[in-house]
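Engineer: Below you will find the structure I want to go over with you.
The values are calculated or read from the model by the stated rules, or taken from the named source; none is laboratory data. The model shown is predicted, which means the values in this text are computed figures rather than measured ones. Cβ placement follows ideal geometry from the backbone for every residue including glycine, while neighbour counts extend to all protein chains displayed. All accessible areas refer to the heavy atoms of the entire protein, side chains included, with ligands and DNA or RNA removed. Shrake-Rupley method; radii C 1.70, N 1.55, O 1.52, S 1.80 Å.
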Amino acid sequence: MVGGGGNGDQNLIHRMAVEDPVPWYKKPNLRTMYLLLFPCVIGIEMTSGFDSQIINAAQLLPEWQKFFDHPTGSYSGILASSLPLGSVIGLPLIPLVNDNFGRRWCIMFGSCVMIIGTIIQGFAINGTMYILARAIIGFGLPYAIVAGSCLIGELGYPKERPILTSLFNACYFIGAIVAAGTTYGTQDIPNTWSWRIPSFLQMAPSLLQVIFVFFLPESPRFLMSKDRYEEAEQVLIKYHAEGNAESEFVKAEIAEIKTTLQIEMENSKRSWMDLLRTSGMRRRVVIGSLLGLFTQLSGNVLISYYLGDVLNLIGYTDPTFKAQYNLGNNCWSLVCGVSAALVVMRFKRRTMYLTGILSILAVYIAWTTCTAIFITYHSDVAAKLSLFWIYAYSPAYNLCFNALTYTYLIEIFPYAQRARGISIFQFWGKAAQFFGTNVNPIGTQAISWKYLLVYCCWIFVEAVLIWFLWPETSGRSLEELAFLFEADEYARRNEKVADELDEKTAPAVEARERV
């Protein structure tokens, strides 16, 4: 059965895709699309990673410190948090652009705004101009992120979709590595170009998106929502069936998308109030909101933006060592992020989330303990172990919040509310990032290592909430997951659609089984 919210093994379309014996790299059209997805969509998150290291690494530069008058406390916080503040301001209008003009135009708009903000940031003459520039970058970033994550999920062949959406977040670390490496290379420049050069380079991912995004096809689900059925069908035939218009798989896929969109549109007013209209949508909003908070309040902002302060706590104050350690940590994080993305198909979503969050909790407890021992007893062993635990944090975080974030969001929100759902996630994520970037420097300065205890307690709360609230979504198509939380009448309608699709695809399945 295709729909109805049953277990994943009953999903015929998903099973047909997974059992497809031809790998993606042997399909010319699909291969071309995937190669184009990297520079113009998957690479969007490189801007986020670049930004975290612009602040983290720039704070290690003497010229940056001198230019901004050695910022501390709240001033240091607003320099870092102005980007998420800009993101929060821009979020309410994202669904209007994304759902009315299409995924590609939404990416184009966000990328152009980020390029403008980056140019202003590079030419900043004071702290106010720098803060404003970062807010402009932040305003454009979620437009590209929301549209890009939707486009990946809606274009990808079901067999590779979870891996593609997981790689989307892993690209964060490519941007972080480039920023950390560039800043390390420019640290000896004896003027403001030591931080201006990395600042200008932040526009590189956005330039790639502007150049390449229209080489990609538009989302077939967006096209069908605008009654452009022939265009949508041609996209699916070209990329999911390599041009074979008689493909049973694509026929079933087209029928499922059409019918599911029709049911969604009949029961949706395409407004923000739809997110509160039913108990199922309210549960989705709760999960999306919590996921936004968890991705930014699980201790990662402290490492991403204020690693210098963290290393100061354990006696490592040399700027060169900090820069090298920071660069190494980002390279290690990229390895962990890509590895987690590549295994996402092998494990259930809840298993990965629970394993990841419990691992994060264990790492934070060990890190807090070692830091406390160093500060109390000046133990070199404890300091070195703290360095180890900071590195150990990366595989734990990447296993759940990095690898699964957009994969999970795309799966729990149906098409009609997908852009709004991801925007809600972005709102709470950027709000949490704004809070964390302002509070972290104050907390570490005020209560030293005891500030890490706050994270230990909060991460435990996260684990409890994930255990009770997170549903399993693996092994199902996006159309089946559109009815994950819905009332029985929706499920019954979807089961009727499923029976019709089973009849259409039965000959293909029987032929495959005979082979």
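Engineer: Considering the range 276-289 alone, what residues qualify as being more than 18 Å from the chain's Cα centre (by Cα) and open to solvent by less than 70 Å² (accessible area, probe 1.4 Å)?
Structural biologist: First pass over the range 276-289, keeping only residues more than 18 Å from the chain's Cα centre (by Cα): 276-283.
If the condition is that a residue be more than 18 Å from the chain's Cα centre (by Cα) and open to solvent by less than 70 Å² (accessible area, probe 1.4 Å), then 278, 280, 281 are the ones that fit.
Engineer: With respect to residue 6, determine if the residue is modelled with pLDDT under 85 and open to solvent by 10 Å² or more (accessible area, probe 1.4 Å).
Structural biologist: Numbers: modelled with pLDDT under 85: yes; open to solvent by 10 Å² or more (accessible area, probe 1.4 Å): yes.
Yes.
Engineer: Something else: What are the pairs with Cβ atoms under 8 angstrom where one residue, in the range 359-383, is over 18 Å from residue 309 (Cβ atoms) and the other, located anywhere, is of a type in the set (Asp, Glu) and open to solvent by less than 20 Å² (accessible area, probe 1.4 Å)? Sequence gap at least six, or different chains.
Structural biologist: Short answer, once both residue conditions are applied: none.
Engineer: How about the range 71-86: which of its residues are open to solvent by 40 Å² or more (accessible area, probe 1.4 Å) and part of a helix (DSSP H, G or I)?
Structural biologist: Start the filter on the range 71-86 by keeping residues that are open to solvent by 40 Å² or more (accessible area, probe 1.4 Å), which leaves 72, 74-75, 78, 85.
The answer is 74, 75, 78, 85.
Engineer: Take the range 172-188 and flag every residue that is within 14 Å of the chain's Cα centre (by Cα), open to solvent by 10 Å² or more (accessible area, probe 1.4 Å) and not aliphatic (A, V, I, L, M). Reasoning before the result, please.
Structural biologist: Keep residues of the range 172-188 that are within 14 Å of the chain's Cα centre (by Cα), which gives 172-175.
Narrowing further to those that are open to solvent by 10 Å² or more (accessible area, probe 1.4 Å): 172-174.
Selection gives 172, 173.
Engineer: Among the helices (runs of 4 or more DSSP H) contained in the range 324-417, which hold 2 or more residues that are open to solvent by 40 Å² or more (accessible area, probe 1.4 Å)? It would help to see each step written out before you state the result.
Structural biologist: Values: elements: 349-377, 380-397, 405-412.
Hits in the range 324-417: 349-377, 380-397.
Engineer: Condition check: part of a helix (DSSP H, G or I), touching a residue at least 12 places away in the same chain (Cβ under 8 Å), within 30 Å of residue 362 (Cα to Cα) and touching a Leu at 6+ places or on another chain (Cβ under 8 Å). Does residue 284 satisfy that?
Structural biologist: Working: part of a helix (DSSP H, G or I): yes; touching a residue at least 12 places away in the same chain (Cβ under 8 Å): yes; within 30 Å of residue 362 (Cα to Cα): yes; touching a Leu at 6+ places or on another chain (Cβ under 8 Å): yes.
Taking the combined requirement at face value, the residue satisfies it.
Engineer: Output the residue which, of all residues in the range 431-482 that are hydroxyl-bearing (Ser, Thr, Tyr) and in contact (Cβ under 8 Å) with a residue 60 or more places away in the chain, is farthest from residue 313 (Cα to Cα). Don't jump to the end; show me each part of the working.
Structural biologist: Narrowing the range 431-482 to residues hydroxyl-bearing (Ser, Thr, Tyr): 437, 444, 448, 451, 455, 473-474, 477.
Narrowing the set further to residues that are in contact (Cβ under 8 Å) with a residue 60 or more places away in the chain leaves 437, 444, 448, 455, 473-474, 477.
On the way: 437: 18, 444: 9, 448: 7, 455: 16, 473: 41, 474: 42, 477: 48 Å.
My answer is 477.
Engineer: Here's another thing I want to ask about it. Going through the range 144-174 one residue at a time, which ones are in contact with a Gly (Cβ under 6 Å, 6 or more places away or on another chain) and either among the acidic types (Asp, Glu) or within 18 Å of residue 425 (Cα to Cα) (or both)?
Structural biologist: 144, 165, 170, 172
Engineer: Hey, another quick one. For residues that are β-branched (Val, Ile, Thr) and farther than 17 Å from residue 434 by Cα, scanning just the range 37-59, find the one that is surrounded by the fewest Cβ atoms within 10 Å (Cβ to Cβ).
Structural biologist: We begin by selecting, within the range 37-59, every residue β-branched (Val, Ile, Thr); these are 41-42, 44, 47, 54-55.
Pick out the ones that are also farther than 17 Å from residue 434 by Cα and you get 41-42, 44.
Details: 41: 28, 42: 23, 44: 33.
Applying the filter and picking the extreme gives 42.
Engineer: Within the range 293-323, count every residue that is of a type in the set (S, T, N, Q), in a helix (DSSP H, G or I) and modelled with pLDDT of 85 or more.
Structural biologist: Kept after step one, since they are of a type in the set (S, T, N, Q), are these residues of the range 293-323: 295-296, 298, 300, 304, 312, 317, 320.
Imposing the further condition that a residue be in a helix (DSSP H, G or I) reduces the set to 295-296, 300, 304, 312, 320.
Cutting the leftovers down to modelled with pLDDT of 85 or more gives us 295-296, 300, 312.
Here the count works out to 4.
Engineer: Going through 100, 191 one at a time, which residue ends up being without any contact (Cβ under 8 Å) to a residue 12 or more places away in the chain, open to solvent by 10 Å² or more (accessible area, probe 1.4 Å) and on the phi < 0 side of the Ramachandran plot?
Structural biologist: Numbers: 191 fails: without any contact (Cβ under 8 Å) to a residue 12 or more places away in the chain.
Just a single option satisfies the conditions, and that option is 100.
Engineer: Something else now. Take the conditions farther than 30 Å from residue 43 by Cα, of a type outside the set (Ser, Thr, Tyr) and under 29 Å from the mean Cα position of the chain (by Cα) and apply them to residue 254. Does it pass?
Structural biologist: Here the answer is no, as residue 254 does not meet what is asked.
Engineer: Of 132, 155, 151, 141, which residue is open to solvent by 30 Å² or more (accessible area, probe 1.4 Å) and over 16 Å from residue 408 (Cβ atoms)? If you could, list the steps in order and put the result at the bottom.
Structural biologist: On the way: 155 fails: open to solvent by 30 Å² or more (accessible area, probe 1.4 Å); 151 fails: open to solvent by 30 Å² or more (accessible area, probe 1.4 Å); 141 fails: open to solvent by 30 Å² or more (accessible area, probe 1.4 Å).
After ruling out the rest, the residue left standing is 132.
Engineer: Let me ask something else. Under the condition of being closer than 24 Å to residue 302 by Cβ and outside any helix (DSSP H, G or I), which residue from the range 30-70 is nearest to the chain's Cα centre (by Cα)?
Structural biologist: For the range 30-70, the residue satisfying everything is 59.
Engineer: Residues being of a type in the set (Ser, Thr, Tyr) and in contact with a Phe, Trp or Tyr (Cβ under 6 Å, 6 or more places away or on another chain): count how many of those fall in the range 263-310.
Structural biologist: So the first thing to find is which residues in the range 263-310 are of a type in the set (Ser, Thr, Tyr), and the list is 268, 271, 278-279, 289, 295, 298, 304-306.
Narrowing further to those that are in contact with a Phe, Trp or Tyr (Cβ under 6 Å, 6 or more places away or on another chain): 289, 295.
So the count comes out to 2.
Engineer: Determine which single condition residue 62 fails, assuming it passes every other condition in (1) in contact (Cβ under 8 Å) with a residue 12 or more places away in the chain; (2) open to solvent by less than 50 Å² (accessible area, probe 1.4 Å).
Structural biologist: Condition not satisfied by residue 62: (2).
Engineer: A follow-up question, please. Residue 89 - would you say it is more than 16 Å from the chain's Cα centre (by Cα) and buried (at least 23 other Cβ atoms within 10 Å of the Cβ)? If you could, list the steps in order and put the result at the bottom.
Structural biologist: Values: more than 16 Å from the chain's Cα centre (by Cα): yes; buried (at least 23 other Cβ atoms within 10 Å of the Cβ): no.
No: the conditions fail for residue 89.
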